[in-house]
Amino acid sequence: MATDSNKFQAIIAHCKEYGFIFPSSEIYDGLGAVYDYGQWGAELKKNIKDHWWHSMTRMYENIVGIDAAIFMHPTTWKASGHVDNFSDPMIDNKDSNKRYRVDHLIEAKASELEGEGHAEQAEILLKQMDELLAADDLAGLRTLIETNRIACAVSGTVNWTDVRQFNLMFSTEFGAVSSDTEDNKIYLRPETAQGIFVNFLNVQKTGRMKIPFGIAQIGKAFRNEIVARQFIFRMREFEQMEMQFFVRPGTQKQWYEFWKEERMKWHLALGISPDKYRFHDHVKLAHYADAACDIEYDFPIGFKEVEGIHSRTDFDLKQHQEFSKKKMQYFDNDIDPETGKPYGNYIPYVVETSIGVDRTVMLLLSEAYEEQDLSTEERADSRVVLKLPAKLAPIKLAVLPLVKKDGLPEIARGILDDCKAHFKCFYEEKDTIGKRYRRMDALGTPFCVTVDHQSKEDGTVTIRYRDTMQQERVPLASLREMVLREIA
Ligand code: ATP
């Protein structure tokens with residue numbers, strides 16, 4: 001497995017230096033696996049969310065979006081199975097007291113073996129792990145770790161505790177009374193999906209939705225991840241973009257395949273090469289699923305999940321029906337060709353697509369980040385450029401007067417006024433033009449225009465393209481339409 005930890009570290013440093021992502025509450029030394037988005041990270045993230053939202057709720061006429069609360073009635077999480085099942089097998093090293101997720105520990109060993117040219121051994125190890133995970137064989141997992149001499153990275157020893165399950169949900173108290181009882185315990189949602197399930201009938205009835213239809217949502221989710229040292233790849237507070245698609249029972253397989261294909265198309269439409277992606281089918285299915293896979297991207301830390309596609313059966317709606325004692329049925333008046341009668345009442349099946357906003361940010365940064373050596377015989381030169389898709393870039397157009405005088409700033413501000421209601425622009429008059437270009441490259445700005453003395457005479461400006469660094473003169477009156485075309 002190819003990993004490039006230098007590139008990963010360089011991206012983290014770049015994000016901090018250029019106002020994309022900061023450690024949370026950094027002045028107090030940060031908080032583990034919690035991050036804040038700075039001025040440009042927030043723009044990038046918002047563009048990703050808008051893009052996903054539009055592609056779900058505009059491009060499919062049978063998908064609508066909602067925005068449910070983070071807090072939900074605590075019974076929701078009993079019904080969904082999260083109170084009992086939302087846990088990961090963990091193991092502690094007795095010498096370092098460090099805790100590891102068992103699958104991560106074994107996967108790391110497999111990568112190591114692969115790196116040493118023992119691909120076959122790595123494959124066997126992963127296969128054994130998958131089988132033990134599928135069988136919930138915790139003792140077997142411990143034996144697998146010990147017999148393969150998988151050591152703790154800190155202590156270097158193979159002195160392990162038993163494997164135990166840890167629940168990943170955060171809880172807090174609801175209302176004024178704080179007590180140790182379970183009465184007012186409430187959870188921070190670990191996934192946004194349940195907000196959709198409990199609103200399924202509200203949306204279906206008020207929206208007069210006919211099956212098949214989908215409900216999309218973007219929102220925060222919280223997981224008390226035990227191993228969380230992978231920047232925004234694995235956070236304790238993160239954001240998800242989920243879509244639950246409600247289908248007639250028996251058709252779920254076909255819709256599962258449909259959404260696998262549609263979602264891969266969405267990724268590839270970002271201009272990313274297909275060999276950077278792969279599907280990974282789940283061997284151990286979650287308690288609610290009859291089929292599941294991940295879309296994995298080749299991050300600098302190796303191929304990892306960015307999106308999950310799950311066929312969740314009627315599990316969630318059925319559970320909510322049972323726990324709430326409210327019917328979760330849909331009446332389907334389409335005619336069943338086999339019986340010649342309407343399909344009638346049933347609890348729909350669900351196929352979901354679930355992608356992390358932050359992992360998408362990480363994906364785009366990994367794809368976009370490039371250190372280029374631009375040295376010539378005369379002089380050494382280099383640049384860092386973020387080749388972000390223009391549509392998602394934080395700033396679309398930088399407007400740069402060559403000098404701070406002679407009426408050039410006024411012309412530049414005129415361009416800004418013409419464009420700023422349509423897309424994010426940035427005005428800068430400080431530093432040499434070369435330095436300003438480099439700064440914009442580092443922020444991923446696809447277009448820079450320079451206003452110079454000729455602009456005063458003939459109404460043209462120099463446009464400079466980020467990726468090729470090529471420049472050409474264009475009428476300033478054409479700029480707005482040109483950028484709009486490029487980011488459409
Ligand atoms: P993993 O196996 O990596 O922990 P998961 O299978 O638990 O992920 P899902 O429950 O399928 O993840 O969640 C759907 C999506 O939410 C994931 O594909 C990922 O993009 C995102 N996601 C899940 N957990 C985190 C996290 N801790 N930090 C950031 N994003 C996350």
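Readers should treat all values here as calculations from the given coordinates under stated rules, not as data from a laboratory. Just so it is clear, the structure is predicted and the values come from calculations on it, not from any experiment. Heads up, the Cβs are rebuilt from the backbone with ideal geometry, glycines too, and the neighbour counts pull from every protein chain shown.
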Checklist entry - Using alpha-carbon positions, what is the distance between the centroids of segment 323-377 and segment 302-320, in Å? => result 9 Å
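Normalized C-alpha radius of gyration of the chain, against 2.2 N^0.38 Å?
On the way: Rg = 26.1 Å, N = 488, 2.2 N^0.38 = 23.1 Å.
Against the compact-globule rule of thumb, the ratio is 1.13.
Calculated FRET efficiency, Arg58 and Asp467, Cβ-Cβ r, R0 25 Å, to nearest 0.05? List each step's numbers first, then the result.
Details: r = 28 Å, r/R0 = 1.13.
Efficiency computed from Cβ-Cβ geometry: 0.35.
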Next on the checklist: Can you classify segment 395-487 as rounded, prolate or oblate using the Cα gyration tensor, where a ≥ b ≥ c are the square roots of its eigenvalues, rounded means a/c under 1.5, and otherwise it's prolate if a/b beats b/c and oblate if not?
Outcome noted: rounded
Next on the checklist: For the ranges 86-97, 392-403, what's the packing order if you count other beta-carbon atoms within 10 Å of each residue, average per peptide, and put the highest first?
Outcome noted: 392-403, 86-97
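Kindly state, to the nearest 0.05, the FRET efficiency for His422 paired with Lys456, given R0 = 30 Å and r defined as their beta-carbon distance. Please list the in-between numbers first.
On the way: r = 25 Å, r/R0 = 0.82.
So the FRET efficiency works out to roughly 0.75.
Please find the FRET efficiency linking Lys284 to Val384, where r is the Cβ-Cβ separation and R0 is fixed at 30 Å, and quote it to the nearest 0.05. Working shown, then result.
Working: r = 41 Å, r/R0 = 1.35.
Efficiency, rounded to the nearest 0.05: 0.15.
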Next on the checklist: Multiplying the sequence separation of Val34 and Glu146 by 0.36 nm and subtracting their Cα-Cα distance, what value in nm do you get?
Outcome noted: 37.1 nm
Item to check | Span from the segment 136-208 Cα centroid across to the segment 73-89 one, whole angstrom | outcome: 8 Å
Checklist entry - Ala119 versus Ala488, label points 7 Å from Cα toward the beta carbon: distance in nm? => result 4.4 nm
Checklist entry - Tell me, His82, His453, His310, His104 in order of fewest to most beta-carbon neighbours within 10 Å? => result His453, His104, His82, His310
Checklist entry - Out of the DSSP beta bridges found with both residues in segment 395-487, what percent are antiparallel (nearest 5)? => result 55 percent
Checklist outcome for this item: Helix 252-268: inclination vs the chain longest Cα principal axis, degrees, rounded to 10, gives 20 degrees
Checklist outcome for this item: Rounded to the nearest 10, the angle in degrees between the Cα long axis of helix 119-134 and the longest principal axis of the Cα atoms of the chain comes to 50 degrees
Item to check | Crossing angle, helix 315-324 versus the chain [Cα axis fit, 0-90 degrees, rounded to tens] | outcome: 70 degrees
Checklist entry - What does the charge count near Gly195 come to, summing +1 for each Lys or Arg and -1 for each Asp or Glu among other residues with Cβ under 14 Å from its Cβ? => result -4
